[in-house]
Amino acid sequence: MENPGYVAASTLTTSDGAFRFADVKTGKYYIIVTFPATINGCKVAWQVPAAVHTGETTYIELNNNNLALPTYSRNN
């Protein structure tokens, strides 16, 4: 992580729960959502590959199928 360019962009979710990255160079990346992310009281994390192409918008849906870590509730 100390290497220059290791992190291409960092952001927080918008009010509608989306992550938006602008001006990311063409290439292959990973979208990484790390702890302490929670949804409905359950901790969640993702690591999903993303290909970025010039002049295009890339849409990635984070869901149970691409979840990196199993969810668990803070209450359990």
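Annotations
- Cβ-Cβ distances below 8 Å connect the following pairs, each with a first residue in the range 10-28 that is open to solvent by 70 Å² or more (accessible area, probe 1.4 Å), a second residue that is not in a loop (DSSP other than H, G, I, E, B), and a separation of six or more residues or different chains: Phe19/Ile31; Phe19/Val33; Lys25/Val52; Thr26/Val52; Lys28/Pro49; Lys28/Ala50; Lys28/Ala51; Lys28/Val52.
- Residues that are open to solvent by 80 Å² or more (accessible area, probe 1.4 Å), at pLDDT 85 or above and among the aromatic types (Phe, Trp, Tyr) within the range 33-76 comprise just one, Tyr59.
- Any hit, the range 9-29, residues being more than 11 Å from the chain's Cα centre (by Cα) and modelled with pLDDT under 75: no
The values are calculated or read from the model by the stated rules, or taken from the named source; none is laboratory data. Keep in mind it's a predicted model, so treat the numbers as computed, not measured. Neighbour counts run over all protein chains shown; Cβ positions are idealised from the backbone, glycine included. Accessible surface is based on the protein model in full, side chains and every heavy atom, while ligands, DNA and RNA are left aside. Shrake-Rupley method; radii C 1.70, N 1.55, O 1.52, S 1.80 Å.
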